[in-house]
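Values quoted throughout were computed directly from the atomic coordinates according to the rules given, and no laboratory measurement underlies them. Just so it is clear, the model here is predicted, and its values are computed rather than measured. Because the Cβ atoms are built from the backbone with ideal geometry, glycine has one as well, and the counts that use them run over all protein chains shown.
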Amino acid sequence: MSNATTTDVQDKRPRTSPEPRKGGLSSRSLPRWAPLGFAALGIALGVGISLAAGWHSRVQWGLLSALLFLAISYVATTVIENQRQAKDRLATSIVWVCFLVAVVPLASLLWTTISRGSERLDGYFLSHSMAGVLGSEDSGGVYHALIGTLEQVGIATVISAPVGLLTAVYLVEYGKGTLAKAVTFFVDVMTGIPSIVAGLFILSIMLIGSIEPSGLMGALALTILMVPVVVRSTEEMLKLVPNELREASLALGIPKWRTILKVVLPTAIGGITTGVMLAIARIAGETAPIILLVFGSQLINTNPFEGAQSSLPFYIYEQYKIGEAASYDRAWAAALVLIAFVMILNLVARGIARWKAPKTGR
C-alpha cells in the first residue's frame, strides 16, 4: 500500500521539460525580418568598403555586398540559433543571391529598352515605313518590318504547328522501335541547331533552284527552328495525360485515332498551345536567316511570296548599322516593339494554359 501511494505521489509531481542539448535545436530564434536586416547591413558595409577602397564599379559593390550578406547571415544565425539553422539559412541566402544575379541583368535590359525606346515609339512610328527616308533623318517608322514579321512568323506557325503536333502524337501514341528512336534523336539534334545553319540550308536550296529572296524563304528557315520546339513541348504535354483516360475510352470500343482526337488532345490542348506560343516567341527574334534569305526592304511589301521583305530583327540590325543618332533611336524603339510582341505572346500562352487547365475541384 505504501509503495502504491509513493508511486501516485511521484506521478503527480510537476515534470520539467529537459534542457536543450548542446548542438541541438535551440529555443532562441531570429525574427522574420532578420534576412532583410542582414541584406541591408551587407549592402551598407559593401558600399562603404567599396567607396573607401576607391572602387567605382557597381558590379564590385554588388558582389562584395552579396558576400557580406552571406557571411553575416551565417555567423548571426550560428550565434543566436545553432549551426544547423545557420546552414539552412545559408543555403536559402545563396538561392536568393543567385536569383538576384539572374534577375538584375534582365531588369536592367528591360529598363534600358523601355527608357530608350519609349522616346521614339508613337503612332507615327508604327504606321510609317522607311521609304525615301535617309538614315540621319528623324522620321520613318517600323510598319513595313512589323508586317514582315507577322507574315513570316505566321507562315512558319501554319507549317510548324501541324507537323510538330502530328510528330509528337506519333512518338507518344504509336512510336516504337527504330523509327521512333531515330525521330527522337533528330528532334533533339534540331533543337540545338544554330539559326544560321537553318538559313544556309534554305539558301542552298534557293541557289540550286534559282529562287529569289522572299518572306517565304525566311519563313521556311524559321520553320526548321520552330518544329523541334513544338514537337518536344507537345510530346511532354501528351505524356502528362493519364493513361486511365485512354483506357476508359478504348474500353468503350472507341477507335484509338478517335480517342486521341476526342480525349487526349482536348486534355492537353492548354499545354500544347503554350508550347506553340513559346516556339513563336523563340523564332520572332531571329536575325541571321532573315539577313540571308529575305534581304530586307525599305518599302512596304505585303506579299511574302515575292520580293524582299523586312522584319523587326532585321530592322534593328539595319538601323544600328547606320550609326546615326536618329537610327539608334529607331533601333531602340523597334527593340521595344519586338519585346512587347514576345511578352504579349507569353501572356496569351499563360492565359490559355490557365483557361484550358483541367479542373481539379469538385
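Quick one: putting +1 on the C-beta of Lys and Arg, -1 on the C-beta of Asp and Glu, what dipole do you get for segment 212-253 around its Cα centre, in Debye to the nearest 20? Show your work: numbers first, answer last.
Numbers: 3 positive and 5 negative charges, 8 e Å.
For segment 212-253, the charge dipole is close to 40 debye.
Post the alpha-carbon centroid distance, segment 67-93 to segment 203-243, in whole angstrom.
50
Using unit Cβ charges (K, R positive; D, E negative) and no other charged atoms, how large, in debye to the nearest 20, is the dipole of the chain about its Cα centre?
On the way: 29 positive and 22 negative charges, 411 e Å.
Using Cβ point charges on Lys, Arg, Asp and Glu, the chain gives about 1980 debye.
Just checking my list [x] 28, 24, 21; [y] 54, 37, 17; [z] 36, 25, 19 against semi-axes √(5λ) of the Cα gyration tensor in Å computed from this structure; which label fits?
Label [y] holds the value from this structure.
Roughly how many whole Å is it from the C-alpha centroid of segment 272-331 to that of segment 133-174?
10
Would you mind working out the magnitude of the charge dipole of segment 238-362 relative to its Cα centre, with +1 at each Lys and Arg C-beta and -1 at each Asp and Glu C-beta, to the nearest 20 Debye? Don't jump to the answer; show the numbers that get you there.
Details: 13 positive and 7 negative charges, 201 e Å.
That gives segment 238-362 a dipole magnitude of about 960 debye.
Which one of Leu68, Pro194, Asn301 is farthest out on the positive end of the charge dipole of the chain, using unit charges on Cβ (Lys, Arg +1; Asp, Glu -1) and the Cα centre as origin?
Leu68
Can you compute 3J(HN,Hα) from phi for each residue in segment 261-268, using the Karplus curve 6.51 cos²θ - 1.76 cosθ + 1.60 with θ = phi - 60°, rounded to whole Hz and x for Gly and Pro?
6, 9, 10, 5, 5, x, 5, 9
If you wrap segment 143-355's Cα atoms in a convex hull and average its projection over all directions, what's the area in nm²?
On the way: hull surface 54.4 nm².
Averaged projected hull area, Cα only: 13.6 nm².
Which listed residue (Val79, Leu51, His144) has the Cα farthest towards the positive end of the charge dipole for the chain, taking +1 on Lys and Arg C-beta and -1 on Asp and Glu C-beta about the Cα centre?
It is Val79, whose Cα lies furthest towards the positive end.
So for the chain, averaging the separation of alpha carbon pairs under 8 Å that are six or more residues apart and normalising by length, what relative contact order in percent results?
Values: 444 pairs, mean separation 70.5, N = 362.
Value for the chain: 19 percent.
Any chance you could run the full-extension gain for Leu100 through Ile205? It's 0.36 nm times the residue separation minus the Cα-Cα distance, nm to one decimal. The partial results should precede the final answer.
On the way: separation 105, 0.36 × 105 = 37.80 nm, distance 4.60 nm.
Here the segment from Leu100 to Ile205 would lengthen by 33.2 nm.
Can you list the HN-Hα couplings for segment 83-88, worked out from phi with the Karplus curve (6.51, -1.76, 1.60; θ = phi - 60°), rounded to whole Hz and with x for Gly and Pro?
5, 5, 5, 5, 5, 5
Give a residue-ordered list of calculated ³J(HN,Hα) values for segment 49-66 (Karplus: 6.51 cos²θ - 1.76 cosθ + 1.60, θ = phi - 60°; whole Hz; x for Gly, Pro).
Couplings: 5, 5, 5, 5, 7, x, 7, 10, 7, 5, 5, 4, 4, x, 5, 5, 4, 5 Hz.
Which distance in nm do the two modelled labels at Glu236 and Arg354 give, with both placed 7 Å along the Cα-to-Cβ direction?
Inter-label distance under the simple model: 2.0 nm.
Per DSSP H run of at least 4 residues, take -39500 (n - 2.57); add these up for the chain, divide by its residues and hand me the 222 nm value, nearest 500 deg cm²/dmol. Before the final figure, lay out each step's value.
Values: 15 runs with 255 residues, N = 362.
The per-residue figure over the chain is -23500 deg cm²/dmol.
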